Amino acid sequence: MIKVGDRLPTAKLMTPTAEGPKKIDTEGFFAGKTVVLFAVPGAFTPTCSAQHVPSFLENESALRAKGIDEIACIAVNDVFVMGAWQSSLGSVGKITMLADGSGEFTRALGLEFDLISRGLGVRSHRYALIVKDGVVTHLAVEAPGGFEVSHGQAVLEALAA
C-alpha cells in the first residue's frame, strides 16, 4: 500500500467535462500543486453521496485557504457515472471527479477493496490523501465500513497539524 513519502503511480484516468470525457495523466494532474484526493467505494452509494462528498463541499473554502489547489474525488466507476454524480451533487467547479474505470490507479496504490460478494466488484477503499507535487504527505485510510478519518473536516485538521 502507498505510504507517506511515496510518489503517486502513473496512470490514465478520466474526468467529466462540459465538452465530454477528458483523459487525465496523473503525473500532469498532480505536478506543481497541492491536491486533496479522496476516494469512495462508488458513486451514488449512500455514505459517499450523503456524507463524503458533502464534507468536502462544506470545507472547500477552508481547504483552499490552507493552500489546497485542487480537491479531487476518485472512484472505480466510469466517467459517465462520475459526471452524472457530480451534477447531482452540485460539485461542478468545486471538486474534480476522477474515474478510475478499470481500477488501474487504485490497484497501483494498493487500495483496492473486494466487494464482489456484495455485487459491486472490486472497488476502492475509502481514503483521503494530501499530495504535494505528486508526493503523498498525508494518508488516511478508513477501516471497512468506517467514515472517521477521510472526510473533509479530518483532512482540514490534518493540514492544521
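The values are calculated or read from the model by the stated rules, or taken from the named source; none is laboratory data. Source: prediction; values computed, not measured. Positions of Cβ are generated from backbone atoms using ideal geometry, with glycine treated the same way; all protein chains shown enter the neighbour counts.
State the number of residues belonging to the stretch 61-80 that are surrounded by fewer than 17 Cβ atoms within 10 Å (Cβ to Cβ) and over 16 Å from residue 16 (Cβ atoms).
7
Looking at the stretch 114-127, can you tell me whether even one residue there is buried (at least 18 other Cβ atoms within 10 Å of the Cβ), modelled with pLDDT of 95 or more, under 20 Å from residue 10 (Cβ atoms) and within 13 Å of the chain's Cα centre (by Cα)?
The answer is yes; a qualifying residue exists.
Looking at residue 137, is it of a type in the set (Ser, Thr, Tyr), in contact with a strand residue (DSSP E or B) (Cβ under 9 Å, 6 or more places away or on another chain) and part of a helix (DSSP H, G or I)?
no
Going by what's in this entry, would residue 35 be described as in a strand (DSSP E or B), on the phi < 0 side of the Ramachandran plot and aliphatic (A, V, I, L, M)?
yes
Restricting attention to the stretch 132-161, which residues are at pLDDT 95 or above, surrounded by fewer than 17 Cβ atoms within 10 Å (Cβ to Cβ) and farther than 17 Å from residue 66 by Cα?
135, 147, 148
Kindly indicate whether any position in the stretch 102-122 is in contact with a strand residue (DSSP E or B) (Cβ under 7 Å, 6 or more places away or on another chain), of a type in the set (S, T, N, Q) and in a helix (DSSP H, G or I).
Yes, some residue in the stretch 102-122 is in contact with a strand residue (DSSP E or B) (Cβ under 7 Å, 6 or more places away or on another chain), of a type in the set (S, T, N, Q) and in a helix (DSSP H, G or I).
Would you mind finding the one in 19, 58, 27 that is modelled with pLDDT of 95 or more, under 21 Å from residue 150 (Cα atoms) and surrounded by fewer than 20 Cβ atoms within 10 Å (Cβ to Cβ)?
The conditions single out 58.
Going residue by residue through the stretch 61-81, is there one that turns out to be touching a Gly at 6+ places or on another chain (Cβ under 7 Å), small (Gly, Ala, Ser) and in a strand (DSSP E or B)?
Taking every residue of the stretch 61-81 in turn, at least one turns out to be touching a Gly at 6+ places or on another chain (Cβ under 7 Å), small (Gly, Ala, Ser) and in a strand (DSSP E or B).
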